[in-house]
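K.L.:
Here it is: the structure, laid out below.
The values are calculated or read from the model by the stated rules, or taken from the named source; none is laboratory data. Given the structure is predicted, the values throughout are model-derived calculations rather than measurements. All Cβ positions, glycine included, derive from the backbone under ideal geometry; neighbour counts span all protein chains shown.
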Amino acid sequence: MSSIIFSPESQNAIYIVLRHKASLWVMMEELDDEDYAVLARFRFEIRRFLQFSEQAARSAGLTVQQHQALLIIRASEGGDIHIGDLADQLLLKPHSASELTTRLAERGYIERRPGNCDRREVRISLTAQARSILASLSAAHRAELRRLRPLLQRLLDAM
């Protein structure tokens, strides 16, 4: 078995390890018809939630990726984030995250400022407008997840 060394530049390494370990687990434990039914239903409910999320973001005038970016920025310690860290959490290349933040800045959703130690570093934070939109979207998402929680919990317990 080969080992994979994780570095911040290579999040794919974690995915490969997890995928490999999951493959080993599946080979070790045989699934029955009920297991497949539970997995299918669980994946269906996740897809339904993601569809709900996409529609909610769209109705707020955001793409899914823009919504996710705003959520990541808001959840970051101190309410601001380095663009490289945002790229990592969005699973994007830094230049793609930079393009995304340019579009968000043009819409008045984020502010950019130089980092404290290195002027080349760019930190981004949300504007009041973005915070308001995100608060509404997050409340709707939390309500939907609370609605789904009993079903998802039953499905998880059945696995």
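K.L.:
Applying the selection to segment 102-130, what residues are of a type outside the set (Lys, Arg) and either modelled with pLDDT under 95 or touching a Lys or Arg at 6+ places or on another chain (Cβ under 7 Å) (or both)?
P.N.:
Start the filter on segment 102-130 by keeping residues that are of a type outside the set (Lys, Arg), which leaves 102, 104-106, 108-111, 114-118, 121-122, 124-130.
Across segment 102-130, the qualifying residues are ALA105, PRO114, GLY115, ASN116, CYS117, ASP118, GLU121, VAL122, ILE124, LEU126.
K.L.:
Please find, within segment 50-97, the residue that is nearest to SER136 (Cα to Cα) out of those that are surrounded by fewer than 16 Cβ atoms within 10 Å (Cβ to Cβ) and among the hydroxyl-bearing types (Ser, Thr, Tyr).
P.N.:
Of everything passing the filter in segment 50-97, SER59 is nearest to SER136 (Cα to Cα).
K.L.:
Of the residues that sit in segment 101-135 and are assigned to a helix (DSSP H, G or I) and surrounded by fewer than 13 Cβ atoms within 10 Å (Cβ to Cβ), which one is nearest to the chain's Cα centre (by Cα)?
P.N.:
The initial filter retains those residues of segment 101-135 that are assigned to a helix (DSSP H, G or I), namely 101-106, 128-135.
With surrounded by fewer than 13 Cβ atoms within 10 Å (Cβ to Cβ) added as a condition, the list becomes 102, 106, 128-129, 132, 135.
On the way: THR102: 19, GLU106: 22, ALA128: 22, GLN129: 21, SER132: 20, ALA135: 17 Å.
Among those residues, the one meeting the criterion is ALA135.
K.L.:
Looking only at segment 58-85, which residues are farther than 18 Å from ARG112 by Cβ, outside any helix (DSSP H, G or I) and aliphatic (A, V, I, L, M)?
P.N.:
ALA60, LEU62
K.L.:
Can you tell me which residues in segment 89-135 are free of Cβ contacts under 8 Å to residues at least 60 places away in the same chain and among the β-branched types (Val, Ile, Thr)? Before you say what the answer is, go through the steps one by one.
P.N.:
Applying the first criterion (free of Cβ contacts under 8 Å to residues at least 60 places away in the same chain) to segment 89-135 yields 89-90, 92-129, 131-132, 135.
Of everything in segment 89-135, those that are free of Cβ contacts under 8 Å to residues at least 60 places away in the same chain and among the β-branched types (Val, Ile, Thr) turn out to be THR101, THR102, ILE110, VAL122, ILE124, THR127.
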